[in-house]
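To start, the structure under review is shown below, and the notes come after it.
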Amino acid sequence: MGSRFRIAWPEQWKKKTSLAHRGNNLIYTPKDFIVSSGLYLITVVACLLLRSVDKTGDTSYVAMLFLTDVFLTAVFTEGYLFSIFCAVLGVLSVDYIFTEPYWQISFTLAGFPLTFLVMMTISILAGALASRAKQVEATQRQMEREKMRGNLLRGMSHDIRTPLTGIVGATDVLLEQDESLTPQQRRELLRSVNEEARWLMRITENLLSITRIDGENASVKKTPELMEEVMEGAVSKFQRHYHSIPVQVHLPKEPLLVPMDPLLMQQVLFNLMENAARHGETVTQIDITLTREEERAVLEVADNGVGIASDRLHTLFDGTQQPEEGREDARRDMGIGLSVCRTIVSAHGGTITAKNRKEGGALFRITLPLK
């Protein structure tokens, strides 16, 4: 709910002030005060309007509306403070505004103390449960981010160490046995050093992409960008490294503006194309298609290679891919590029999935919100 509807609050309105030395439940922010006050006023106005329309004098709906107010306050504010405050204020409002005699506090009415206690208890519990559920969800998101970050760091440390070992080994041979090497052997060693250095450079680009993501909020700074230009940049970068694989780009009739970090999305598209080129084995063409589905932009990267092994589909994006046996480049087949893709796309509020095409090859599908 919060990801689809957001208000750009000023930073000073979101500054948290804790009323307790320990714990995060008694937190105060100007934003929370405005939200809780607004919800309370809306509830009061709605109840007054319903009372003016309903001539039967039945006010049973009032308590339910104020319970809803408490619940929404707990959902849209931090901690327990404002939900408990709204629970107390709501019970008093039911008695003062919506119980005869109106606009008077009537603690002496028969049965009122019990009603007061029951409604107060339900309101506080509803607010506390909603706040606790929100905190549990936030904790789970944080744990998922930490797990993803750990997988990325473990995989990247492996991939960084591998090319460095190759570079050190090749240069040691060149330094220690240079006089006994033939020109062909020297050229092969230099070519190996060059390839390892290029691979290390791509790993560094992925690592830099991750550092552009806000770790606390798992989000990125987005600006409306022409998706066509981002695709063009990614394809140009890919073609510089893989000349022999043509890329066909399919665009909609109308230009599509998508909120994004363009450098990060270029990295995603490049990673997907490179993954197809390196692991598709028989890939001779890559197709990138851009379409619009309601309020989302959809990007599809398809190839005509061997596809994805069925037992690897469920762990494709988590950075835990184990090397495939019998592959010359198995030492680099750790899925780090795809894990980076998922991290970036998720930070944009989108989704990424993979499947095998019926006609052969792999298909990666990315959706990005247009708002």
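One table, with the values for the structure above:
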| read-out | value |
| --- | --- |
| Region 14-48 - residue that is within 26 Å of the chain's Cα centre (by Cα) and open to solvent by 100 Å² or more (accessible area, probe 1.4 Å) and, of those, modelled with the lowest pLDDT | ASN24 |
| Residues that are modelled with pLDDT under 80 and either open to solvent by 30 Å² or more (accessible area, probe 1.4 Å) or of a type in the set (A, V, I, L, M, F, W, C) (or both), drawn from region 72-87 | ALA74, VAL75, GLU78, TYR80, LEU81, ILE84, ALA87 |
| Verdict on ILE203 being modelled with pLDDT of 80 or more, more than 17 Å from the chain's Cα centre (by Cα) and either aliphatic (A, V, I, L, M) or in a helix (DSSP H, G or I) (or both) | no |
| Residues (at pLDDT below 60 and not charged (D, E, K, R)) located in region 312-328 | GLY319, THR320, GLN321, GLN322, PRO323, GLY326 |
| Total residues in region 230-271, condition loosely packed, with under 14 Cβ neighbours inside 10 Å, within 21 Å of LEU208 (Cβ to Cβ) and in contact (Cβ under 8 Å) with a residue 24 or more places away in the chain | 1 |
| Of the criteria (1) modelled with pLDDT of 85 or more; (2) open to solvent by 20 Å² or more (accessible area, probe 1.4 Å); (3) over 16 Å from the mean Cα position of the chain (by Cα), which one ARG331 fails | (1) |
| Positions within region 79-100 being of a type in the set (Asp, Glu) and assigned to a helix (DSSP H, G or I), in sequence order | ASP95 |
| Hey, SER180 out of contact with any strand residue (DSSP E or B) (no Cβ under 9 Å at 6 or more places or on another chain) and either surrounded by 13 or more Cβ atoms within 10 Å (Cβ to Cβ) or modelled with pLDDT of 90 or more (or both) or not | no |
| Sole residue being on the phi > 0 side of the Ramachandran plot, open to solvent by less than 60 Å² (accessible area, probe 1.4 Å) and either among the small types (Gly, Ala, Ser) or at pLDDT below 75 (or both), chosen from GLY350, GLY307 | GLY307 |
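The values are calculated or read from the model by the stated rules, or taken from the named source; none is laboratory data. Because the structure is predicted, anything quoted here is derived from the model rather than measured. Please note: Cβ atoms are built from the backbone with ideal geometry, for glycine as well, and neighbour counts cover all protein chains shown. Remember, those area values only see protein heavy atoms, side chains included, never the ligands or the DNA or RNA. Shrake-Rupley method; radii C 1.70, N 1.55, O 1.52, S 1.80 Å.
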